[in-house]
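Chemist: Before we start, here is the structure in question, set down as structure tokens.
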Amino acid sequence: MARKRLPEKLYRIGEIMEHSGLSRQTLNFYATMGLIRERQRTAGGHRLFPPSVFADLERVRAMQKKGYTLQRIREMLEPRHAPRPDAAETLHSEVFERPSEE
């Protein structure tokens, strides 16, 4: 007997603010830039995000600490800028092996 898959919890901006410590303006800006992606919107137009938004935010923060601009981060995270099969590995080594700018 197949198990029923439970619906995935979707998060509103306010919940993400609580867990991430980022402001509403920052989260909306990240969403507008495409750094985080909404899954859907409510009938009232509120953005709803999948649980993966928290990993996305951590990735953006790590890249910012390495000195990358938000524009460069967006370019690196967009699939069209990473057409090669080894792109994820290249991205990881470029971001996590690059010294921080502190």
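Chemist: Filter segment 4-23 down to residues that are surrounded by 14 or more Cβ atoms within 10 Å (Cβ to Cβ) and hydrophobic (A, V, I, L, M, F, W, C) and give me whichever is farthest from residue 73 (Cα to Cα).
Modeler: 10
Chemist: Looking only at segment 24-50, filter to residues that are out of contact with any strand residue (DSSP E or B) (no Cβ under 7 Å at 6 or more places or on another chain) and assigned to a loop (DSSP other than H, G, I, E, B); which one of those is surrounded by the most Cβ atoms within 10 Å (Cβ to Cβ)?
Modeler: Ranking the candidates gives 35 first.
Chemist: Please work out which residue is farthest from residue 75 (Cα to Cα), limiting yourself to segment 51-60 and to residues that are of a type outside the set (S, T, N, Q) and surrounded by fewer than 16 Cβ atoms within 10 Å (Cβ to Cβ).
Modeler: Per the stated criteria, the residue is 51.
Chemist: Residue by residue through segment 51-75, note down the ones that are part of a helix (DSSP H, G or I) and over 12 Å from the mean Cα position of the chain (by Cα). Please lay out each step first, then the result.
Modeler: Kept after step one, since they are part of a helix (DSSP H, G or I), are these residues of segment 51-75: 53-65, 70-75.
Once the filter is applied, which keeps residues that are part of a helix (DSSP H, G or I) and over 12 Å from the mean Cα position of the chain (by Cα), segment 51-75 yields 64, 65, 71, 72, 75.
Each reported figure results from applying straightforward, stated rules to the coordinates on display, with no laboratory input. Because the structure is a prediction, the values reported are computed rather than measured. Because the Cβ atoms are built from the backbone with ideal geometry, glycine has one as well, and the counts that use them run over all protein chains shown.
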